[in-house]
Amino acid sequence: MKFTSCCVTAAIIISSALSSNASADNDNAAIRQAKMNYPINVLAQNYTDSEGVLLQGFLSTPNSTTTDNKKVPAVVIMNDSSGTDAYEKQRATMIANELGYVAFAADTFGVETEIPVDTGGWGGPYADFISTFIRNATLFTQRIAAAVDHVQSLPNVDETKVAILGFCLGGTGVVHYINVAGEKEGGAAAAVSIHPSLLGAWDKPLGKINIPSIFLTGGNDFLTGPQAMASLEDDMTSASTVQWETNRYAKIDHAFTNWFAETAYNARADERSWNSMRTFLADKFGQSDDDSSYSWESASQLDLWSEDCCEGVASFFDCGPDEEGRRDFVVHAGAKYGCPDPSCKVPTVIILPDKSESGRLFAKQRAIQIAQRYGYRTWVSEGNVAAGQYFEGVGYDSAKVALEGYGSGAQDALDFAMGGNIAGIDGEYSFKVISIFEVPENITAVNDTASTYKPQILISSGVDGDSMADVIKLESTLMGMEANYEINRYSDASTKFTDWNDLDGSYNAHAAERSFETVESIYREMFGEFYWESPTPVPPSTQAPAPSGASIFTFTTASSFVLLAVAYFLSM
């Protein structure tokens, strides 16, 4: 299930499921309610930090480990500013049930510590208490390390595969941990930070960061604004020795994954970030669902014009040549949809290639991959063949058409995303998905805030290929359009990082695979092959009640965390 991408992937989605605000609000409320009712299956466990402070976490174990005695990976969950309560326990249960990992909802504050009452104001005892951890990276790291050590000691845990996951305040703690303990051998194997507070300055890395990391943030969350993300990237670029990435979701506020934060919770961003975390951990734990028959290296050797090399692909044919002698390349694989006739209506992906020789070859190989893997029709448009001329002769599902742009083809794709048009593609054809691989030089918004054309844009960018200044410029333009977008950045990736034919060594297999996992999830969602639904939890073998006195994270708490983060920034 691994796919590839080039310098920047920008996928633009127009979904009927998302175009109706009322419907989306209703779906969001239903999913939120279902997750609030998710059954908790945890057992309390005490442990201590290096100074002997008594801590209490809550362990959730996948059912399979109780019968086969095998060791499995584990995830340590660091709590938000309300302490370890129902939310973290539900997350632990979900990770055990749905991902098959041991999960431990850890304790940042301590059993005997009384959390001050959150009054929702700017300062006071509660803000001072939380600031103790925001300001003290050493203390926060000490508490996280204690939880990691405890989980590594469990008999059913693979001690080499323990990840840390933090939400809100816990996400800030994850940043502290990799900066303070990033060089420690035998610590966390991976780090996931979700909507942390990165406002103002924070402690810089003390040494190298040897922990693969991912950061997932909201575009409307000023605690992780563009400048904060630029500072984070500077730290990671200078200190990290391994892969890291950032995911950013447009129009999404702080605490977007917390279903107890009523006005902040966003079901789709929650599920997209969950999916990104899931695939990231599977990769770091060596559990990626990769099918070698669709490996990029194998695909690069395919005879493009031979059906014998592409089992399951119904037919190849070209549309052209055009007046300049360029030929388009079309692959029909509708057999996977029970539709072997090329006139059948199946999802279609149009690829605008880079005009280099390797770029054209890559686009054809990419077209074959899409056809093989998903059964979609693919069309590499090398010339100015109008979409109308093509579609008149070939059946297609007009509600399921995507566009991918690579290299020089990325500019055309972005222009269309911004509300313009592409030479040779009629404006009447709308695309559910537009994937753009590379941040083009010309970033000009044709759309305005009054336009009904509001695509959702997924941008997957190589950190070494696209400057953060250009990414900030693009994001600023998209925000001015009130566009929906998602920005993913991958370390050690330059331009053409998906093109395995590139002779300059730009290909980055890890970044390529990660970016196309994201594109895959967009295609699957937008083409109706799955959608984010209310969870159907696995019935636990034993139902452990939530401990009495567990606090519930409310939007007041979320707001207070934002306010105290601002107060911290102003005090510096």
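Here are the numbers for this structure:
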| read-out | value |
| --- | --- |
| D492 being more than 19 Å from S435 (Cβ to Cβ) and either assigned to a loop (DSSP other than H, G, I, E, B) or open to solvent by 40 Å² or more (accessible area, probe 1.4 Å) (or both) | yes |
| Wholly within segment 125-227, strands (runs of 3 or more DSSP E) carrying at least 1 residues that are of a type in the set (D, E, K, R) | 157-167 |
| Residue match in segment 128-137 (condition: of a type in the set (D, E) and farther than 25 Å from K71 by Cα) | yes |
| Segment 73-91, residues that are in contact with a strand residue (DSSP E or B) (Cβ under 6 Å, 6 or more places away or on another chain) and either open to solvent by 10 Å² or more (accessible area, probe 1.4 Å) or closer than 14 Å to L281 by Cβ (or both) | P73, A74, V75, V76, I77, T84, R91 |
| Flag if D158 is in contact with a strand residue (DSSP E or B) (Cβ under 7 Å, 6 or more places away or on another chain) and either surrounded by fewer than 21 Cβ atoms within 10 Å (Cβ to Cβ) or farther than 24 Å from F280 by Cβ (or both) | yes |
| Lone qualifier among K345, K364 - being of a type in the set (K, R), over 25 Å from the mean Cα position of the chain (by Cα) and at pLDDT below 75 | K345 |
| Those residues of segment 376-421 which are at pLDDT below 50 and crowded, with 19+ Cβ neighbours inside 10 Å, in sequence order | V385, A387, Y390 |
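The values are calculated or read from the model by the stated rules, or taken from the named source; none is laboratory data. Quick caveat, the model's predicted, so the values are computed rather than measured. Backbone-built Cβ (ideal geometry, glycine too); neighbour counts: all protein chains shown. Protein only, heavy atoms only, side chains kept; ligands, DNA and RNA dropped before computing areas. Shrake-Rupley method; radii C 1.70, N 1.55, O 1.52, S 1.80 Å.
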